[in-house]
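J.: Please see the structure below; I have some questions.
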Amino acid sequence: MKVFREGRWRMLALSWHALFLISATSYSAWRIEALRESHLPPTPSIEPRRVSPRNSRPELVDSERLHRVLARLTPDFGSQRPPINFVDHALRFWGVTATFDGDTVLSGAELRELLLDHRAFAEAWGAETKPFLIPDTRGDGLRFRTRSGPATASHVDHTLAGLAEVGTPLDYPVLTPRGERLLKDAFHQSIREFSLNQEEYEWSTLVFLHYLSDVPQWYSSEGQLITWDRLAGRLMRQRLNQGVCYGQHRLYVLAALLQHDAERSCLSESVREDIRAHLADATARLVATQHAEGYWDGAWPGQEREGSAAQNPGPLGSRADRLLATGHVLEWWAYAPPEALPADEVLQRTIEWLSTELETLSAAEIRRYYPFLTHGGRALALWSGQQPDLAGADSQRQPR
């Protein structure tokens, strides 16, 4: 009897041990699967979320003068080889519905076609030019050739962000040299290649803002946790004028991110307040450093911890620097929260200077500075209370 009881307890012990091992193995498998699923790429929205400007002062913008300005900024590149940077900016400026008089002026639809249809690109640039669209033959990726000359995009995710801003859905067909794909393939490529250690965050964050507006967090392909707080922190950590366009793109994205947060509460309270303070500080600096005539240049931040920014002219000269900085400032102010807006007299000086400059540029200067000028033209239209294609509805019939 004693032997029998001992044998039974051993059997029970072995059974419990086996059950424990099975449970532990099952739990481990479940945890591994759960972890794997949590690190899967996020699912984007097909239709991009639109970010609308929140500020306008129609009384500060002369409508007839605005029409004259916009008439000078139509996408008439006068060349069979329009630089991709010009096409990107023109599409974002005018939108896909814009149409113009004149055989050499590209419509909004034609601008987008140059970016997403290899046939149009090859016709403009010639068969000998490397294609702008690079499909991943091993998977679902699609790259835009970048930083390799005028037939390529100027920044990582710049083209995709611009397409998102004009409302291009991810199921939009893209004709590559190897056949038809969908724009979502470019999104998949962007999300896979994004890293918290990359140089620029501006356009990648815009892409995410438009197509991942309902996703609170996700993991990068490197296993990094991506949150809106973390993206905002990256955008605010650099010196104010550092980066493209004297740091103004980062301010634009931060203003857009605050709008997104107002609808989705995607930011923590501390980061939300940090962004508001950051934008308010930028505006205070801009008010303090605005030239009497109404413009800024690369020295707009004034004194920072690292000292004042160098005031050496950029490669296109001082006038280009002023147009670049001032147009971008006026544009992001159209999206800024109330606490980051200057007084109307500051806006009036800015609008007056920018309108005068855009009216008096030579045709050669317009061609040379065109990407810069689209930000100024768009800003003037937004402050008039309209999108550029509506504000300039009659502008194509005005003399250039």
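The values are calculated or read from the model by the stated rules, or taken from the named source; none is laboratory data. A quick note: this is a predicted structure, and the numbers were derived from the prediction, not measured. No Cβ is skipped: glycine too gets one built from the backbone with ideal geometry, and neighbour counts run over all protein chains shown. We work out accessible area using only protein heavy atoms, side chains counted, and drop any ligands, DNA or RNA first. Shrake-Rupley method; radii C 1.70, N 1.55, O 1.52, S 1.80 Å.
J.: Please work out the average accessible area per residue across the chain, using the 1.4 Å probe convention, and give it in Å².
T.: Spelled out: the 1.4 Å probe surface of the chain, per residue, equals 47 Å².
J.: At 7 Å along Cα-to-Cβ for each site, give me the label-to-label distance between residue 352 and residue 262 in nm.
T.: 2.9 nm
J.: Roughly what would the spin-label model give for residue 81 and residue 244, points 7 Å off Cα along C-beta, in nm?
T.: Reported label-point gap for residue 81 and residue 244 is 2.2 nm.
J.: Treating segment 116-174 as a set of equal point scatterers at the Cα positions, no solvent, please give the Debye-formula log₁₀ I(q)/I(0) at q = 0.15, 0.22 Å⁻¹.
T.: -0.48, -1.03
J.: In nm, give the distance between the simple-model label positions of residue 281 and residue 193, each being 7 Å from the Cα along the Cα-to-Cβ direction.
T.: Output for this residue pair reads 3.2 nm.
J.: Turning to a different aspect of this structure: Dividing the convex hull volume of the alpha carbon atoms of segment 261-313 by its residue count, what do you get in Å³ per residue?
T.: Dividing the Cα hull volume of segment 261-313 by its residue count gives 118 Å³.
J.: In segment 118-133, whose amide N lies under 19 Å from the spot 7 Å out along Cα-to-Cβ of residue 367? List them in ranges.
T.: 124-126
J.: Ok, one more. To the nearest 500 deg cm²/dmol, what mean residue ellipticity at 222 nm is calculated for the chain from DSSP H runs of n ≥ 4 alone, each contributing -39,500 (n - 2.57), summed and divided by the residues?
T.: -17000 deg cm²/dmol
J.: What shape does segment 306-397 take by its C-alpha gyration tensor, where a ≥ b ≥ c are the square roots of the eigenvalues and a/c under 1.5 counts as rounded, a/b above b/c as prolate, and the rest as oblate?
T.: Values: a/c = 2.12, a/b = 1.08, b/c = 1.96.
Verdict is oblate for segment 306-397.
J.: Is the shape of the chain rounded, prolate or oblate, going by the alpha carbon gyration tensor and its root eigenvalues a ≥ b ≥ c, with a/c under 1.5 for rounded and a/b larger than b/c for prolate?
T.: On the way: a/c = 2.77, a/b = 1.78, b/c = 1.56.
Prolate, because a/c is 1.5 or more and a/b exceeds b/c.
J.: Mind listing the long-range amide H neighbours of residue 335? Cut-off is under 5 Å, sequence gap 5 or more, other chains count too, H placed in the peptide plane at 1.01 Å from N.
T.: Distant-sequence amide H within range of residue 335: 54.
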